[in-house]
Structures are given as C-alpha cells and as structure tokens.
Amino acid sequence: RYILAIESSCDDTSAAVMCNTKVLSNVVATQEIHKQYGGVVPELASRAHQQNIVPVVHQALAKANIDKKQLSAIAFTRGPGLMGSLLVGTSFAKSLALGLNIPLIEVNHMEAHILAHFIEDEGKEAPDFPFLALTISGGHTQIVKVDHYFNMQVLGETLDDAVGEAFDKSAKLMGLPYPGGPLVDKYAQQGNAKAFKFPKPKVDGLNFSFSGLKTSILYFLKRETEKNPDFVSQNINDICASVQHTILEILMEKLKMAVEQTGIKQIAIGGGVAANSGIRGKLKQAEADLGWKTYIPKFEYCTDNAAMIGIVGYLKYQAENFTDQSVAAKARYAIGS
Ligand code: ATP
Ligand code: FE
C-alpha cells in the first residue's frame, strides 16, 4: 500500500510517500521568508505553500520512485493550524484524490505528532499502550494519555504560550535570531543553570503557562542592562542555561505529576523542542532514577513533517476510516474530536 501524505499546517510544506509503516520519502520545504519578521506571517505562509506544494509532492513521488497511479490513498492535515496554510494542503489533497479516484484521509496534526512514534525506524522501538505523550513544539504544549491509536485524552496543555515560543521569545529578548530555541540550547550547554533564578508559574493540575516567564526575563534583562550595558553578551551562556533550566523544571514537574496520577511510566516525547539536549538529559535521568521508559523519534519526525501524517494515514487506511469530498480545513481541531 502506498499512501501520499501532505502537511501544510504552519510554515513547512511537506509531502511524504509511505509504504505501510515505512517512509519511502519525506520532503520538507521550510519557508525562509519568515526569518526576517521574527515569526511566522500567516499571509506569506499561505502564499509560499501555494508555490511549494506541487514541486514538493513531485519530489516526494520521485524520491520514493512511485508513480501517482500506484497510490492507494491521500492523507492530509485537516488541522489544527493556520487557516490559510491548511486550505492549500486540504484543497490540493481533495483535488488529487478526486482526480485519481482514491480514498481521502483527514489527519489531526496533534495526533500525528504523537503517532509519529509508530513510524518504522530501524533500532527504534514504538511505545506500548497505554503511554503518556508530551508534545512540545512552537505552537503546542500538551500532555496526552494515549490508550490506543485513536483513543487519546488531553490531560493538560498550555494556557498561553507554547514551550517553543517560550524558548524563541526569551531568545529574542537576548537579541538572538529567530527561531532562537536551538541557540538557547547551544549556549546553555556551556552555562551555569543555577546562575540566575526565574519564578515558575503556579498553575493547577497538568496545565502549563509560559507567558509569565517571558515577562520576568524581560524585566530581569532590563534591570541588569541598566547597570551593565554588556550584561547579555557577557553572560549569554549563564542566562540561556538558567532560562532553559526553568523551562525544563516546569515540564518535568508536570510530567512527574502526570505519571503519579495515571501510574503510566512510558513517556513519548514529540515536537520540535524534543531536540533540546537538556530535555533529553532529564529524560535519561528519569529513566535511571524513576524507572521511566522514554521514547524520542528521529528529529525529522519531531518537527512538522508529512511522514507523521502518513503513518496516521496508514493506520486510518487499515481501519477504512476515510473522509469524503465535503471535508473542510479546521484551524482549531482538538485531539479526539
Ligand atoms: P507546531 O508543530 O505546534 O505547529 P512548529 O511547527 O512551530 O509548531 P516545530 O517545528 O515542531 O513547531 O518546532 C519548532 C520549535 O522548536 C521552535 O520554537 C524552536 O525554537 C524549537 N526548538 C528546536 N530545536 C530546539 C532546541 N534544541 N531547544 C529548544 N527549542 C528548540
Ligand atoms: Fe507541529
């Protein structure tokens, strides 16, 4: 079975060809245009998807060495995401499925981030049910209890900024280019995590909040640079290490709480922030100290990509869970709805 998958929810245009659970190709065109604006500009993202989608799909088919006539189904991201971006992928997928007269499969982007763990990848083990999924990306922060492929429940999520945004906005305050997350990680590795202390938000239950952290960093930097204009450049490693430490403490506290509440010690991490070296270290430590078993997919399956849409496409194909041509993109689309 060959399935073509299309992802266009935010600022990456991606197409993948799957052969069952195996990825034959996974092409991602990242839109560079947003860099100069320090964040994603929805109108420009939509326009870039329009330009990219045909060549990206062609490339995915060519790399997989598959003719479109061999495809069994088309899977696409229906939501959540930017409406203008989602419309491009949705319309394209609908037209192609109609033209080829093959089934159409809609995919929830957040479920796909979680189910990416089931992509066949040499040497990687997939988690057993039930497990807890922590999705940490530029747009989302969620802890989800996963009982089965399509039986999952959000236990907690962010009430304001996502973790990736917390990294990027903190980086911006330090004058680092967008997206600053990877740079914070890089500098943090040479810094002292205890050098500066930032308050942690008080949020009940398993929900998160990151907007307060950004504000306290803003005031902290303002105060320090008034005393010493070179404060940031002289202390960049320590500031990054301290900021990252605070963010990771928040994540780990909530994860521990979720483990206590559910008794589930299998933890699967996804989303772009899963690339962070600090979180990887903390998880390894939790394996040793707390008996957790943790799973992190290959980086290219953590950030936005069509292969994760493709694995969900395959699972839905197996279940004959198809959608019809009346389907519309959904900017807000909760897991399990
Ligand atoms: P979403 O998936 O919610 O639509 P997105 O596409 O913006 O959002 P991803 O591509 O999954 O998110 O992840 C990008 C985010 O990950 C950015 O905020 C980036 O700064 C962050 N990030 C990437 N690498 C690291 C790292 N090593 N440390 C911290 N943050 C990182
Ligand atoms: Fe995503």
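The values are calculated or read from the model by the stated rules, or taken from the named source; none is laboratory data. For clarity, every value in this text was computed on a predicted model and none was experimentally measured. All Cβ positions, glycine included, derive from the backbone under ideal geometry; neighbour counts span all protein chains shown.
Which of the numbered conditions does ALA171 fail, given that it passes all the others? Conditions: (1) modelled with pLDDT of 95 or more; (2) closer than 20 Å to ILE269 by Cα; (3) in contact with a helix residue (DSSP H, G or I) (Cβ under 6 Å, 6 or more places away or on another chain).
Tallying (1) modelled with pLDDT of 95 or more; (2) closer than 20 Å to ILE269 by Cα; (3) in contact with a helix residue (DSSP H, G or I) (Cβ under 6 Å, 6 or more places away or on another chain), ALA171 fails exactly one: (2).
Search region 92-120 for residues being away from ligand 1 (no atom under 16 Å from the Cβ) and of a type in the set (D, E, K, R), and hand back the single one that is surrounded by the most Cβ atoms within 10 Å (Cβ to Cβ).
GLU106
Conditions (1) within 20 Å of LEU134 (Cα to Cα); (2) at pLDDT below 95; (3) buried (at least 20 other Cβ atoms within 10 Å of the Cβ), marked per residue:
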| residue | (1), (2), (3) |
| --- | --- |
| PRO297 | yes, yes, yes |
| ASN305 | yes, no, yes |
| GLY310 | no, no, yes |
| TYR314 | no, no, yes |
| GLN325 | no, no, no |
| ALA328 | no, no, no |
| SER337 | yes, yes, no |
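Just to check your reading of the model, which residue among GLY123, GLY156, GLY139 is surrounded by 21 or more Cβ atoms within 10 Å (Cβ to Cβ), at pLDDT below 95 and small (Gly, Ala, Ser)?
One residue alone meets the criteria, GLY139.
If you scan region 127-143, which residues turn out to be assigned to a loop (DSSP other than H, G, I, E, B), of a type outside the set (Gly, Ala, Ser) and within 9 Å of ligand 1 (Cβ to nearest atom)?
Within region 127-143, just HIS140 meets the criteria.
Looking only at region 144-159, count every residue that is more than 16 Å from the chain's Cα centre (by Cα) and either within 14 Å of ligand 1 (Cβ to nearest atom) or in a loop (DSSP other than H, G, I, E, B) (or both) and tell me the total.
So the answer is 3.
Name the residues in region 107-121 that are more than 16 Å from ligand 2 (Cβ to nearest atom) and either closer than 21 Å to SER72 by Cα or in contact with an Asp or Glu (Cβ under 9 Å, 6 or more places away or on another chain) (or both), would you?
PHE118, GLU120
Rundown of residues vs (1) in contact (Cβ under 8 Å) with a residue 24 or more places away in the chain; (2) closer than 29 Å to ASN26 by Cα, yes/no style:
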{"position": "ASP238", "(1), (2)": "yes, no"}
{"position": "LEU283", "(1), (2)": "no, yes"}
{"position": "VAL312", "(1), (2)": "yes, yes"}
{"position": "SER326", "(1), (2)": "no, yes"}
